[in-house]
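> Could you have a look at this structure, given as structure tokens, before my questions?
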Amino acid sequence: MFKNIENVLCLGLIATALIMFLVSLNFPAVYIWGVPDPNRPYQAEAGTWPRVICVVLAILCVLRMIDKKLENYTAKTDKNEERPHAANIRQTLAFTAAVGAYMALLVPIGFPIATMFFGLIMVLVLDKSAFGAAKSAAVISLISAGVIVVFCKILYLPLPRGLGVFREFSQWLIF
Amino acid sequence: MQEWLIGLETILQAQNLFLLFLGVFIGMTFASLPGLNNLTALILMLPFIYDMPTIPAMIFMCSIYGGGIHGGCILAILFKIPGEPQSVCTCFDGYPMAQQGKSAEAMGIAFTFSSLGGLFGVLVCIITAPLISRMAEAFGPAEYFAFVVFGLVVASSVGSSSMLKGLIGACAGLLLGTVGVSPGSGVMRFTGDIHILKMGIQYVPIIMGVFALSELLKMLLGSGPDLGSNLGTLPKWTVKLPSLSFIKSSFKTFLRSAASGTLVGFLPGAGATAASFVAYGLEVKYSKNPEKYGKGEPKGIVASETANNASYGGAMIPMLTMGIPGSSSTAVILSVLMLKGIQPSPAVFQNMPEMIYSVFAAMLLVNFVMFGQSIFFGRLYLNMLKLPKAAIYFIIVVFCTVGTFSIRSSIEDVWIMAFFGLLGYGMDKTGFPTASLVLGVILADLAEVSFIQTVDSAGSPSPLVFFASPISSALLIIAILLLINPLFKRLYRLKYKMAS
């Protein structure tokens, strides 16, 4: 599955390099280290370096695609490539969704509440046995409380406090 | 001498000593957990250093790095699970020794030679770094650009199965580094009028996404060692230190492994894993009884543990003197300096001797502290294995989120981290080395500024302007040779195939 993705990735990078190259042509002609000097045969501008990188990147991607084609002819493909179990895939999808939800809810409901909920969801997603889940829930509750106190109360990091009623709750809870 | 006294005075302050002990403990704890490593520990501790002054922050991070390299041997010997990739070679002889009922001896050898190897690497760093920094004072932009190119090429050739993939990763990193304000001209580039991109893409979200979040995905999908592995009953914790006669008889092995470890550590991108494999390979090659290796030969542990710890000092040399990281972990330490507004260069040795010599003193002391901690707290590290899997995943996600959000109070950075987490997983599955991408992003500014200065001062866009000085020419020629080496290898193989 991932072998075809490599070509897609290379094509995507070539397209990105091409777009960035074209965009860099429109950068204003502001010269590095001062105004244009008519006595100099060449002066670099803001788009020079990105254009160099875009060209090199595109060439490397083309070379890699050719290289892969040659590899396909010469090397044997490994048909016994280890594939993840369906249960692992389900767990990973659930984990990814939980992380996405945590990040999305961080600003609206605030760091303390989002973190507590996220901890409990992690237990549901990652610990299947009843005893393991109970133990994990207890440990995570303690860790959540510790994390909130350390980051919000001791280090005073500027973390989201939530909006509306959640903000008030967060203020009451910790800030 | 005065600089040393200042460094010692700084490190012996109660707060700094505490950070040193704590850093070693955290590093060793992470190294003792399957699937996690010193890099994860360094990344997760980033939120704690934002408000710290530079010197304590550097002491803390260097202690985590040192402790992390050292701690991987415990699981490798007891369970044949390398806590760190660099402890793979320790498994070869450590686990058979444990099976023969000699786990206490194996542990003692690993701890002793880890600390001795670490001391060797740090001493080499302390002696050579000021000399290299004095040499680097004469470097112009062309030499710096050549160093960056050399570093990226070496990192690409060592860290990946295909050099092209490594170079693509590095170039993608350099291109990502161009987003935001152009250094020198102040022109906005590739921002698409998006506010967060106007300040450029921060490297901390990229590092956290690529190195920490993608690791979690890898572990969940079963392509890496998983946390919460069922290791059964934990063995009794005993350590038996090696006798003086064994240390004497292993001196040649130690010297060979320490020297090769420091040298490999110095090479950008190579790191402790390559160091331990090179040293183990050398040991088998030069041994009178190579057949004993892999079956419980104590000198196998000596070679592996000495080399991976010696690489610690080696990797710090290019980072401190020129701002070119030797490994992913030193890239994170470099990002700490950059977060504090310091770009490592020869000038740092002149202007900030207190910081440099405090770091040197901390690196020396770390080796003694980790030796003591591994003997007295070993049982505690083993008990960390009982932590629920959900708790460790939870800590990693929350610490990464907090670390990313706190840089500039921006939720967009958190999404950037999540994107790079997925990208990092994809890159890993397709064999593109993530370390090259991160090195590219971190070195992007240095590469651009030195490139533009060279081209501007020469008044020509010709690539030949980078070959004007002997140092830059030498570095670029080595880089070119490294680039064409795989091509020649392939042609040779093709010729051999056709002939046969």
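The values are calculated or read from the model by the stated rules, or taken from the named source; none is laboratory data. Since the structure is predicted, the reported quantities are computational estimates derived from the model, not experimental observations. Methodologically, a virtual Cβ is constructed for each residue, glycine included, from the backbone with ideal geometry; neighbour enumeration extends over all protein chains shown.
> Taking residue A:124 as the residue in question, decide whether it is facing another protein chain (nearest Cβ under 10 Å) and more than 21 Å from residue B:217 (Cβ to Cβ). Before you say what the answer is, go through the steps one by one.
Numbers: facing another protein chain (nearest Cβ under 10 Å): yes; more than 21 Å from residue B:217 (Cβ to Cβ): no.
Answer is no for this residue.
> I would also like to ask the following. Would region A:129-136 turn up any residue that is outside any helix (DSSP H, G or I), closer than 25 Å to residue B:221 by Cα and either more than 10 Å from every other protein chain (Cβ to nearest Cβ) or of a type in the set (Val, Ile, Thr) (or both)?
Quick first cut of region A:129-136, residues outside any helix (DSSP H, G or I) only: A:129.
Those left that are additionally closer than 25 Å to residue B:221 by Cα: A:129.
So of that shortlist, the ones also either more than 10 Å from every other protein chain (Cβ to nearest Cβ) or of a type in the set (Val, Ile, Thr) (or both) come out as A:129.
Yes, region A:129-136 has at least one match.
> Okay, moving on. Would you pick out the residues in region B:41-57 that are under 22 Å from residue B:114 (Cβ atoms) and crowded, with 24+ Cβ neighbours inside 10 Å?
Here is the first cut: in region B:41-57, the ones under 22 Å from residue B:114 (Cβ atoms) are B:41-42, B:45.
Of everything in region B:41-57, those that are under 22 Å from residue B:114 (Cβ atoms) and crowded, with 24+ Cβ neighbours inside 10 Å turn out to be B:41, B:42.
> Kindly provide the set of residues from region A:155-175 that are within 10 Å of another protein chain (Cβ to nearest Cβ) and without any contact (Cβ under 8 Å) to a residue 12 or more places away in the chain, ordered by number.
We begin by selecting, within region A:155-175, every residue within 10 Å of another protein chain (Cβ to nearest Cβ); these are A:155-160.
Passing the criteria: A:155, A:156, A:157, A:158.
> Can you find even one residue in region A:153-164 that is at pLDDT 85 or above and outside any loop (DSSP other than H, G, I, E, B)?
no
> If you don't mind, another one. Within the group B:255, B:244, B:263, B:234, which residue is out of contact with any Phe, Trp or Tyr (no Cβ under 8 Å at 6 or more places or on another chain) and modelled with pLDDT under 85?
Values: B:255 fails: modelled with pLDDT under 85; B:244 fails: modelled with pLDDT under 85; B:263 fails: modelled with pLDDT under 85.
Every option except B:234 fails the conditions.
> Tell me, which helices (runs of 4 or more DSSP H) wholly within region B:41-147 include 1 or more residues that are of a type in the set (Asp, Glu)?
Qualifying helices (runs of 4 or more DSSP H): B:88-99, B:103-136.
> While we're on this one: In region B:183-218, what residues are touching a residue at least 60 places away in the same chain (Cβ under 8 Å) and either facing another protein chain (nearest Cβ under 9 Å) or on the phi > 0 side of the Ramachandran plot (or both)?
B:183, B:184, B:213, B:216, B:217
> Quick check: is even one residue across region B:135-152 out of contact with any helix residue (DSSP H, G or I) (no Cβ under 7 Å at 6 or more places or on another chain), over 30 Å from residue B:280 (Cα atoms) and at pLDDT 85 or above?
yes
> Taking region B:363-407, which residues are of a type in the set (Phe, Trp, Tyr) and under 23 Å from the mean Cα position of the chain (by Cα)? It would help to see each step written out before you state the result.
Restricting attention to region B:363-407, the residues satisfying the condition of being of a type in the set (Phe, Trp, Tyr) are B:368, B:371, B:376-377, B:381, B:393-394, B:399, B:405.
Those that are of a type in the set (Phe, Trp, Tyr) and under 23 Å from the mean Cα position of the chain (by Cα): B:368, B:371, B:381, B:393, B:399.
> Can you tell me which residue in region B:168-216 is farthest from residue B:399 (Cα to Cα), limited to those that are among the aromatic types (Phe, Trp, Tyr) and part of a helix (DSSP H, G or I)?
The residue in question is B:203.
> Please find, among B:114, B:87, the residue that is out of contact with any Leu (no Cβ under 6 Å at 6 or more places or on another chain), closer than 21 Å to residue B:39 by Cα, at pLDDT 85 or above and among the polar types (S, T, N, Q). Show your work before the answer.
Details: B:87 fails: at pLDDT 85 or above.
Result: B:114 is the single residue among B:114, B:87 that is out of contact with any Leu (no Cβ under 6 Å at 6 or more places or on another chain), closer than 21 Å to residue B:39 by Cα, at pLDDT 85 or above and among the polar types (S, T, N, Q).
Per-residue answers, yes or no, for (1) surrounded by fewer than 24 Cβ atoms within 10 Å (Cβ to Cβ); (2) at positive phi; (3) in contact (Cβ under 8 Å) with a residue 24 or more places away in the chain; (4) among the polar types (S, T, N, Q):
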| position | (1), (2), (3), (4) |
| --- | --- |
| B:311 | no, no, yes, yes |
| B:316 | no, no, yes, no |
| B:328 | no, no, yes, yes |
| B:343 | yes, no, yes, yes |
| B:358 | no, no, yes, yes |
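> Conditions: (1) surrounded by 18 or more Cβ atoms within 10 Å (Cβ to Cβ); (2) at the interface with chain A (Cβ under 9 Å from one of its Cβ atoms). Residue B:438 meets all but one. Number of the miss?
Evaluating residue B:438 over (1) surrounded by 18 or more Cβ atoms within 10 Å (Cβ to Cβ); (2) at the interface with chain A (Cβ under 9 Å from one of its Cβ atoms) leaves (2) as the failure.
> Within region B:422-436, is even one residue part of a helix (DSSP H, G or I), at pLDDT 90 or above, among the hydrophobic types (A, V, I, L, M, F, W, C) and more than 30 Å from residue A:95 (Cα to Cα)?
Within region B:422-436, not a single residue is part of a helix (DSSP H, G or I), at pLDDT 90 or above, among the hydrophobic types (A, V, I, L, M, F, W, C) and more than 30 Å from residue A:95 (Cα to Cα).
> Which of the numbered conditions does residue B:41 fail, given that it passes all the others? Conditions: (1) over 14 Å from residue B:371 (Cα atoms); (2) modelled with pLDDT under 85.
Against the list (1) over 14 Å from residue B:371 (Cα atoms); (2) modelled with pLDDT under 85, residue B:41 comes up short only on (2).
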